[in-house]
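Enquirer: Sending over a structure as structure tokens; questions will come in a sec.
Read-outs: derived from the displayed coordinates by stated rules, not from any lab. Quantities reported herein were computed from a predicted structural model and do not represent experimental measurements. A quick note on method: Cβ atoms are made from the backbone with ideal geometry, for glycine too, and the neighbour counts reach across all protein chains shown.
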Amino acid sequence: MNHALTSRIPVLERWVSGPRFGALPLPEGGSPAPALSFEFFPPKTEALETQLWACIRRLETLSPRFVSVTYGAGGSTRERTHATLIRLVSETALVPAAHLTCMGASRGEIDEVAGRYWDGGVRHIVALRGDLPPGQTDVGADGYRNAIELVEGLRRVADFEISVAAYPEVHPRAASPEADLDNLKRKLDAGATRAITQTFFDSAVYLRFLDRCLAAGITAPIVPGILPVTNFAQAVKFSAMCGTAIPDWMATMFEGLDEDPETRRMVSVVMAAEQVRLLQANGVDEFHFYTLNRPDLTYAIAHILGVRPKVEAARA
Ligand SMILES: Cc1cc2nc3c(=O)[nH]c(=O)nc-3n(C[C@H](O)[C@H](O)[C@H](O)COP(=O)(O)OP(=O)(O)OC[C@H]3O[C@@H](n4cnc5c(N)ncnc54)[C@H](O)[C@@H]3O)c2cc1C
């Protein structure tokens, strides 16, 4: 045996001594593509408006189940959110959903905002408690105190489809995981038909959360909120605020890429694709994407999930 060969044997031993992993199953031919929804934020400037609409035009070809537009803390984007949704109604065939938070406003104000949506053709609300803007402590006189009360209020305004928020890693201000889960169940029992999760990076946490939801008697879909991360530093900051854990492996993935956006984007797509494929292999067939008004990563990941543009939409 020559020296070159013997020096390689320990390496090979190391490679074969660990567990063997099969590939993730690919969706079988003929199985339906998952249902998608996309989240946008209302633009502040003309340039951002142009960016948003380029994003919408690209993603609408994927025929999402609905697209939603966020609402700034304490209603700070009220008019911009409204304008974006009304433009979606008048210029696209998409099903628009308005995020609506109730902190810092009276019931009358919230009911009026909701009524304007209904009259403008928006029939789906993502109903949220929301947080007060920094520095504000007044929760508002006669306001809805939480998302349960908001859902109940919206049911009185009109026959909206209502989605609510869910927290696989528990809302940071919840009294306990059990109280948080009970809160989710009560929002659904009050009339919401779907929950969309806070973003998460550890899929096992989400899958365990589904088990807990089912054990608690929840039967509505708990749609995973997927955030394709391109700016790791920003994701760390955001995650700290909303109680999402950043696994160590994720920091390793982005290590040394601060000045290399192109590689970061590629790494990001691979990571998000692995995440959604694992969820899909576990039976999940609906996904909500936090697009950050940028279409490319979401489009690529949707493609990997088996979603293709409808020919008519692509030509339009
Ligand atoms: C899919 C999704 C979309 C979102 N969109 C928006 C948006 O467009 N605009 C926006 O401003 N925010 C948005 N948020 C953030 C959301 O408003 C916050 O997480 C908010 O703190 C809780 O809202 P909720 O509807 O889940 O509240 P609830 O369902 O009423 O409460 C959720 C849990 O948090 C606890 N909790 C919340 N606040 C407090 C508090 N002050 N004290 C004690 N316990 C508390 C409750 O007890 C409960 O356990 C979104 C979140 C998700 C997951």
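Enquirer: Return the sequence-ordered ³J(HN,Hα) values of segment 119-128 in whole Hz as given by the Karplus equation 6.51 cos²θ - 1.76 cosθ + 1.60 applied to θ = phi - 60°, using x for Gly and Pro.
Expert: 4, x, x, 8, 10, 10, 10, 8, 8, 9
Enquirer: To make sure I understand, if each residue's beta carbon is the centre and we count other beta carbons within 10 Å, what order do Lys237, Lys185 fall in, fewest to most?
Expert: Lys237, Lys185
Enquirer: While we're here: Could you compute Rg(Cα) / (2.2 N^0.38 Å) for the chain, with N its residue count?
Expert: 1.11
Enquirer: Mind listing the phi-derived Karplus ³J(HN,Hα) values for segment 231-246, rounded to whole Hz, using 6.51, -1.76 and 1.60 with θ = phi - 60°, and x for any glycine or proline?
Expert: 3J(HN,Hα) across segment 231-246, in whole Hz: 10, 5, 4, 5, 5, 5, 4, 4, 5, 4, 5, 9, x, 8, 7, 9.
Enquirer: Let me ask something else. Which part of segment 151-178 falls in the paramagnetic zone of Ala216, meaning amide N under 18 Å from the point 7 Å along Cα-to-beta-carbon?
Expert: Correct set: 151-152, 163-178.
Enquirer: Further question on the same structure: Using modelled amide H (1.01 Å from N, peptide plane; none on Pro or chain starts), what sits under 5 Å from the amide H of Gly72, excluding residues fewer than 5 places away?
Expert: For Gly72, the qualifying residues are Thr77, Arg78.
Enquirer: What distance in nm separates the two pseudo spin-label positions at Val16 and Ser106, each 7 Å out from Cα along the beta-carbon direction?
Expert: With each label point 7 Å from Cα toward Cβ, the separation is 7.8 nm.
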